[in-house]
Structure formats: structure tokens, C-alpha cells
1. Go over the candidates 39, 10 one by one and state the one that is hydrophobic (A, V, I, L, M, F, W, C) and either farther than 17 Å from residue 86 by Cβ or in contact with a Ser or Thr (Cβ under 8 Å, 6 or more places away or on another chain) (or both).
2. Of all residues in the range 1-56, count the ones that are without any contact (Cβ under 8 Å) to a residue 12 or more places away in the chain and part of a strand (DSSP E or B).
3. Determine the pairs where a residue that is over 14 Å from residue 54 (Cβ atoms) and in a loop (DSSP other than H, G, I, E, B), located within the range 66-86, has a partner that is of a type in the set (Val, Ile, Thr) and modelled with pLDDT of 90 or more with Cβ atoms under 8 Å apart, the partner being 6 or more residues away or on another chain.
4. Tell me, please, whether a residue that is modelled with pLDDT of 95 or more, under 17 Å from residue 8 (Cβ atoms) and not aromatic (Phe, Trp, Tyr) can be found in the range 114-126.
5. Counting just the residues of the range 68-96 that are out of contact with any Pro (no Cβ under 9 Å at 6 or more places or on another chain) and more than 21 Å from residue 15 (Cβ to Cβ), which one comes out surrounded by the most Cβ atoms within 10 Å (Cβ to Cβ)?
6. From the list 38, 32, 49, 18, pick out the single residue that is modelled with pLDDT of 95 or more and surrounded by 15 or more Cβ atoms within 10 Å (Cβ to Cβ).
7. Looking at (1) within 11 Å of the chain's Cα centre (by Cα); (2) closer than 14 Å to residue 110 by Cβ, which one does residue 9 not meet, given that it meets all the others?
8. When the residues of the range 92-111 are filtered to those that are modelled with pLDDT of 95 or more and in a helix (DSSP H, G or I), which remaining residue is nearest to residue 18 (Cα to Cα)?
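The values are calculated or read from the model by the stated rules, or taken from the named source; none is laboratory data. Computed from a prediction, not measured in an experiment: that's the story for all the values here. Positions of Cβ are generated from backbone atoms using ideal geometry, with glycine treated the same way; all protein chains shown enter the neighbour counts.
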Amino acid sequence: MEARRIALLVNPAAGGGRALKALPLVEAELARLGLPYRVQRTESIRHARELAAAAADAGEVPVPLSGDGLVGAVASALRDRPGAVMGLLPGGRGNDFARVCGIPRDPVAACAILATGVARPIDIGEVGRKMRSIL
């Protein structure tokens, strides 16, 4: 079975530039693994959601190379698209979601999961849209 094309969504500011610095190494590893991909730099959370939705609609796998903020934005964009799959490559500071999922902190090492991993469903929730002060 042919691998689905990856839409690598890169937040240039993630991790103080960590994601952008890792990009050439990630691209080399994706090529070495034979994974078809294209790279898009995000300009904002809204832009990232648009890119993720368009990628999923085109049958691609949106893969944020960023931190938890962009991962959440991509997941939000895909929540109403049955059959949509996302990957992730940690490129932020905390990378909490990647850690919880057992994805290596090193984005180059995490590329192997894109090649051999198995998609699994996750539950997402939505919190009310009104912000309330706790003070």
C-alpha cells in the first residue's frame, strides 16, 4: 500500500525556532524513509487550521512540526472530518501531547512513527468559549 502524502505544517516560531531549525533534518529523514511530503509554514493558528483542513480534504495527513498549540489547532480542524488522520513531530518546548502518546522528543526520530505507526482514535473535548476570571 502506498503511503499517504504528508502535509508538514511548520510553525517557524515554535520552541524559539526549534521547529524551523529541525526542518532540514526532518525533510532528509522523511525522504530517506520514502515518505511523500510537502512543507507549509504556518502564519497563525487560523492559517494552520485552514492548511490542515485543506490537507485532510485532499487525502493528505497533516503533520504539525511544532508544539502543543499547533497540535491542538490541527486536531480542532480535523474533528469534523471522518477518516481524517494527523501525525505530529515535536518541535515546541513542552511537547506534552507527543510525550503522552509515547512519541520521541527528537523530531527526526519521531519520523519513524510516521512511516510505521498505526493510526488510533483519540477523544477530544471542547470547553465553553467564554473565559471566566478565577480572581
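1. Working: 39 fails: either farther than 17 Å from residue 86 by Cβ or in contact with a Ser or Thr (Cβ under 8 Å, 6 or more places away or on another chain) (or both).
One residue alone meets the criteria, 10.
2. Residues in the range 1-56 being without any contact (Cβ under 8 Å) to a residue 12 or more places away in the chain and part of a strand (DSSP E or B): 0 in total.
3. Pairs found: 85/61.
4. Kept after step one, since they are modelled with pLDDT of 95 or more, are these residues of the range 114-126: none.
Looking for residues that are modelled with pLDDT of 95 or more, under 17 Å from residue 8 (Cβ atoms) and not aromatic (Phe, Trp, Tyr), one finds none in the range 114-126, hence no.
5. Ranking the qualifying residues of the range 68-96, first place goes to 81.
6. Details: 38 fails: surrounded by 15 or more Cβ atoms within 10 Å (Cβ to Cβ); 32 fails: surrounded by 15 or more Cβ atoms within 10 Å (Cβ to Cβ); 18 fails: modelled with pLDDT of 95 or more.
Answer to the selection: 49.
7. (2)
8. Taking the range 92-111 as the starting set, the residues that turn out to be modelled with pLDDT of 95 or more are 106-111.
So of that shortlist, the ones also in a helix (DSSP H, G or I) come out as 107-111.
On the way: 107: 10, 108: 12, 109: 15, 110: 15, 111: 16 Å.
By that ranking, first place goes to 107.
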